Amino acid sequence: MTAHIPSERLYALVLDHETDAAEAAHLSICASCRQQVEELKQLLFDLEIARLSQPTPAAIDRYQAMFNSVQTQPSPLQRFVQQLRARLTWDSRTQPALQGVRNAAAHAYRQLYVATDAEIELMVERMGELRRVEGDLIDIGQDDAPAAALVELLDANGDIVHMVDTDDGLFHLENVAPGTYTIVITRPNGATIEVPALEVA
Ligand SMILES: [Zn+2]
């Protein structure tokens, strides 16, 4: 068994697109190193979002903290990159009792997404041709910790169409055109939660 690829080489492979035959061979047989490469790529994606966005000063501070953690914690990568994919667990449109309330159902619907350490409640309201998405991010198992986060709405092309900052977990995305989106929620510790394939109908 060859030794795992050291962190600085993982950075070189992903950040500088370097190639090395021996390391490529190791990656082909080592799930652990492949996982680290994937996590590093995800981190780069998040940092790219930070670069392309026009964040508020508070958001910049949070991203700065994220950069600092990248620089001071070289290994293992998963300590500071935690990509959590939230799962849709409840949708008011699928509830028989609520389907009877036609007016209310036509005007707004609610969804609940659950990730490992957080829940995201969403309410999509019809405002003429556009929609308003109201969200509530709730930390699970963290006593009184404010659910601060940067919330980004990405369209199907991965472009950021909305970006808001919350200190208490509550956020509003105004004037959202109907479509399918991804919500990326970045926590102060750099961990992100992704709500994939959010349908705004
Ligand atoms: Zn390895």
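We did not get these values from a lab; they are worked out from the coordinates using the rules stated. Fair warning: this is a prediction, and the values are worked out from it, not measured in the lab. Virtual Cβ from ideal backbone geometry, glycine too; neighbours counted across all protein chains shown.
A few notes on this one:
- Extension gain, VAL161 to SER28: 0.36 nm times the residue separation minus the Cα-Cα distance gives 44.2 nm.
- Separation in nanometres of the label points that stand 7 Å from Cα toward Cβ, at ASP20 and ALA201: 5.1
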